[in-house]
Amino acid sequence: MTDSNSVTVSRSASWLSAARAAIIFILLCGGLYPLLVTTAGKVMFPHQAFGSMIIVDDTVVGSELVGQPFKAPKYFHGRPSAADYDPFSVGGSNYAASNPDLRTRVAEDSASIAQREGLDPGSIPVDLLSASGSGIDPHISPESAIVQAERVAKARGIPASRVNKLIERYTEGPTLSVFGQPRINVLRINLALDGKELND
């Protein structure tokens, strides 16, 4: 009888210890740790923590991290988007390279870009034809900007040299000089074309 009571008490103590440990770890990992990390992020990296917003004249015009569609001839155009640049529907088309729908879309885009920019279809930079995995990539390669420079300059009635200088100025190097490729934020360079002062 005593042994049975001892076993029952022992099991109850084990369950109690397990419950206490679970509650402590839930509070630590589900509450305290996220709160500390979020607070530290806001203090040390306020711009990034609040979405890397781009502000012009005290108005948020977009985010450095989320691409926007630009269609007017006076602007640089970004990459194709399978998500229609919707940050709430991020994702790629998941089409394989052999998919006929993808081939058709690329062929149509290639013909359209070649006509718009006065290029041979074979010289179009690949990022102007390929959608990103997220569907909201805000960048293009410097090469993609260069092939659009003449059209942008003509639409704005400014020298192409001025547009090319902006391309050089807004070309970002690889992150930490190691990760990624040189790139240009499309929203930032288009705002610069409009003469907007950026505050972020």
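The values are calculated or read from the model by the stated rules, or taken from the named source; none is laboratory data. Everything numeric here is computed off the predicted structure, so don't read it as measured data. Heads up, the Cβs are rebuilt from the backbone with ideal geometry, glycines too, and the neighbour counts pull from every protein chain shown. With ligands, DNA and RNA removed, areas are computed over all heavy atoms of the protein, side chains included. Shrake-Rupley method; radii C 1.70, N 1.55, O 1.52, S 1.80 Å.
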(request) Please state which one of Pro80, Pro87 is modelled with pLDDT of 85 or more and closer than 22 Å to Ile140 by Cβ. (result) Pro80
(request) Determine if segment 143-162 includes at least one residue that is in contact (Cβ under 8 Å) with a residue 40 or more places away in the chain and in contact with a strand residue (DSSP E or B) (Cβ under 7 Å, 6 or more places away or on another chain). (result) yes
(request) Consider only pairs whose beta carbons are under 7 Å apart and that are at least six residues apart or on different chains; among these, list those whose first residue lies in segment 79-105 and is on the phi < 0 side of the Ramachandran plot and whose second residue is surrounded by 12 or more Cβ atoms within 10 Å (Cβ to Cβ) and of a type in the set (D, E, K, R). (result) Arg79/Asp127; Arg79/Asp137; Pro80/Asp109
(request) Looking only at segment 43-88, count how many residues are hydroxyl-bearing (Ser, Thr, Tyr) and open to solvent by 60 Å² or more (accessible area, probe 1.4 Å). (result) 1
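Name the single residue, out of those in segment 132-155 being over 15 Å from Asn185 (Cβ atoms) and either open to solvent by 60 Å² or more (accessible area, probe 1.4 Å) or out of contact with any helix residue (DSSP H, G or I) (no Cβ under 9 Å at 6 or more places or on another chain) (or both), that is modelled with the lowest pLDDT.
Just the residues of segment 132-155 that are over 15 Å from Asn185 (Cβ atoms), to begin with: 133, 135, 143, 146-147, 149-155.
Cutting the leftovers down to either open to solvent by 60 Å² or more (accessible area, probe 1.4 Å) or out of contact with any helix residue (DSSP H, G or I) (no Cβ under 9 Å at 6 or more places or on another chain) (or both) gives us 133, 135, 143, 146, 150, 154-155.
Values: Gly133: 84, Gly135: 88, Glu143: 97, Ile146: 97, Glu150: 96, Lys154: 96, Ala155: 96.
That would be Gly133.
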(message) Of the conditions (1) aliphatic (A, V, I, L, M); (2) in contact with a Pro (Cβ under 9 Å, 6 or more places away or on another chain); (3) under 20 Å from His139 (Cβ atoms); (4) open to solvent by 40 Å² or more (accessible area, probe 1.4 Å), Ala111 satisfies every one except a single condition; which number is it?
(response) (3)
(message) Being at positive phi and either touching a Leu at 6+ places or on another chain (Cβ under 9 Å) or among the basic types (Lys, Arg) (or both) is the requirement here; does Gly67 meet it?
(response) no
(request) Give the residue that is farthest from the chain's Cα centre (by Cα), with candidates limited to residues of segment 89-125 that are under 17 Å from Gly135 (Cβ atoms) and of a type in the set (Val, Ile, Thr). (result) Val106
(request) Any chance you could count how many residues in segment 4-56 are at pLDDT below 85 and not in a helix (DSSP H, G or I)? (result) 3
(message) If the requirement is being open to solvent by 60 Å² or more (accessible area, probe 1.4 Å), closer than 28 Å to Val90 by Cα and basic (Lys, Arg), which of these qualifies: Arg183, Arg116, Arg188?
(response) Arg116
(message) When you check Val186 against the structure, is it of a type in the set (A, V, I, L, M, F, W, C) and within 16 Å of the chain's Cα centre (by Cα), yes or no?
(response) yes
